[in-house]
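Heads up: the structure comes next, in structure tokens.
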Amino acid sequence: MHGIELSPAMVAQLRAKPGAQSIGVTIGDFATTGPGGTFQLAYLVRNTITNLTTQDEQVETFRNVAAHLEPGGCFVIEVYIPELRRLPPGQTIHPFTVTPAHLGFEEYDVASQIAVSHHYWVVDGQLETRSSPHRYVWPSELDLMARLAGMTLHERWADWKREPFTSDSTSHISVWQKTPRDGS
Ligand SMILES: C[S@@+](CC[C@H](N)C(=O)[O-])C[C@H]1O[C@@H](n2cnc3c(N)ncnc32)[C@H](O)[C@@H]1O
């Protein structure tokens, strides 16, 4: 097993966990960094594909994954479905959490396909804030990125319990397969 992570601080968090010594990690960008060797499975979960804020970087990730998969190997992504249907015309803000201790909202720029996630927390009476840009992406665009990289959709579920993916699903787990050696 091998991971790619941009942040040395996150790698330090991993290293503090039991059994972490058996996992190799390369510090780098998963769109371009090679882990060395080929794998049967690559995965990018918890919406991490949206951390790449350009289509080019997301496409490059699929190419990089395909280059490091064995024939017949699979790429798994977990990512949310963009909630654009919640935006009335002319509105750009969608609140997703409103509690006394946590206010969270997305700020959409539909033209650039970017949503900035804003969080405001009250922690011990102090205000903490964080904002991060994300490039939201639909399943169909991901399928096209997979196709460009020589992979095809194998499975798509709504969640990790393999509930069916429907038009009401708020996220998806998708599995693309690199063409097997026999081409089947
Ligand atoms: C949603 S967090 C997932 C954290 C953790 N791996 C987990 O599953 O709980 C996304 C992680 O991806 C890392 N990351 C974001 N963009 C990256 C990139 N281009 N290359 C490598 N790592 C990246 C972030 O530093 C962060 O640790």
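Since every read-out is calculated from the coordinates, none of them should be taken as a lab result. Keep in mind the model is a prediction, meaning the values are calculated, not measured. Heads up, the Cβs are rebuilt from the backbone with ideal geometry, glycines too, and the neighbour counts pull from every protein chain shown.
Please find the FRET efficiency linking ARG15 to PHE96, where r is the Cβ-Cβ separation and R0 is fixed at 41 Å, and quote it to the nearest 0.05.
After rounding to 0.05, the efficiency reads 0.80.
Please report the relative contact order for region 88-134, taking Cα pairs under 8 Å with a sequence separation of at least 6, and give it as a percent rounded to a whole number.
27 percent
Rounding to the nearest 10 and keeping the result within 0 to 90°, find how far the Cα-based axis of helix 139-148 lies from the longest principal axis of the chain.
On a 0 to 90 degree scale, this one is about 30.
Quick one: putting +1 on the C-beta of Lys and Arg, -1 on the C-beta of Asp and Glu, what dipole do you get for region 19-138 around its Cα centre, in Debye to the nearest 20?
200 debye
Once both axes come from the Cα atoms, what is the angle between helix 55-67 and the longest principal axis of the chain, in degrees from 0 to 90, rounded to 10?
It works out to around 30 degrees.
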